[in-house]
Structure formats: C-alpha cells, structure tokens
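Rule-based calculations on the coordinates, nothing more; no lab input. As the structure is a computational prediction, the values presented were derived from the model and not from experiment. Reconstructed Cβ throughout: ideal geometry from the backbone, glycine too, with neighbour counts over all protein chains shown.
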Amino acid sequence: MITSAQMRAARALLGIDQRRLAELAGVSVPTVQRMEASNGTVRGMIDSLTRVVEALDRAGIELIGDNAVSTGGGRGVRLKQPPPGNDFS
C-alpha cells in the first residue's frame, strides 16, 4: 500500500512531476492526480497502483509502511508520529 503523501514525497525526492511519474508507470496523468488527491491510502485500480509502485521502485524509491524497518541504504525521509498535542496540519 502507498499513501498519497508518500507518492508526493517520492516524486519530490526524485525531482519529477506528475507527468513524468505517469510516463514511468504507463498510466495517465489524471490517474496520478486522482491517486495523489486521495485522503490517506491511495485507492484505485490495482493494476494502475501496482504500476506506479513498481515505477517508483525502479527509480530508486523504497516505500516504508507504518512500523516497518527500512532495509535499504541511501538517503530518505520518514514521517514519524508527532508528539501528543502537536497539530502540524
């Protein structure tokens, strides 16, 4: 699974726009736009979602789920749980 925030962050780390991600994944730009506009976990056609995740993987992105250990090396960013009482939204 991937969240919309992970998709946007992955694109930012790669320095690519939605159009380029769509090209890499073989999906349409509106598909990427809909995925990134989702709240929380991306919903959509399994085939399209799989294509996007695989394209990000080929480009060097490691998607890390909640409470999962990162097995790869390299630089990256991970969102941690904010302390109680802090609202950064």
- Message: Can you classify the range 1-43 as rounded, prolate or oblate using the Cα gyration tensor, where a ≥ b ≥ c are the square roots of its eigenvalues, rounded means a/c under 1.5, and otherwise it's prolate if a/b beats b/c and oblate if not?
- Response: oblate
- Item | Qualifying GluC sites (Glu not before Pro) in the range 1-80, DSSP loop, other Cβ atoms within 10 Å at most 16 | GLU62
- ARG34 versus ARG8, label points 7 Å from Cα toward the beta carbon: distance in nm? 1.9
- Query: In nm, to one decimal, how far is the modelled label at THR41 from the one at GLU62, with both set 7 Å along Cα→Cβ?
  - Reply: 2.3
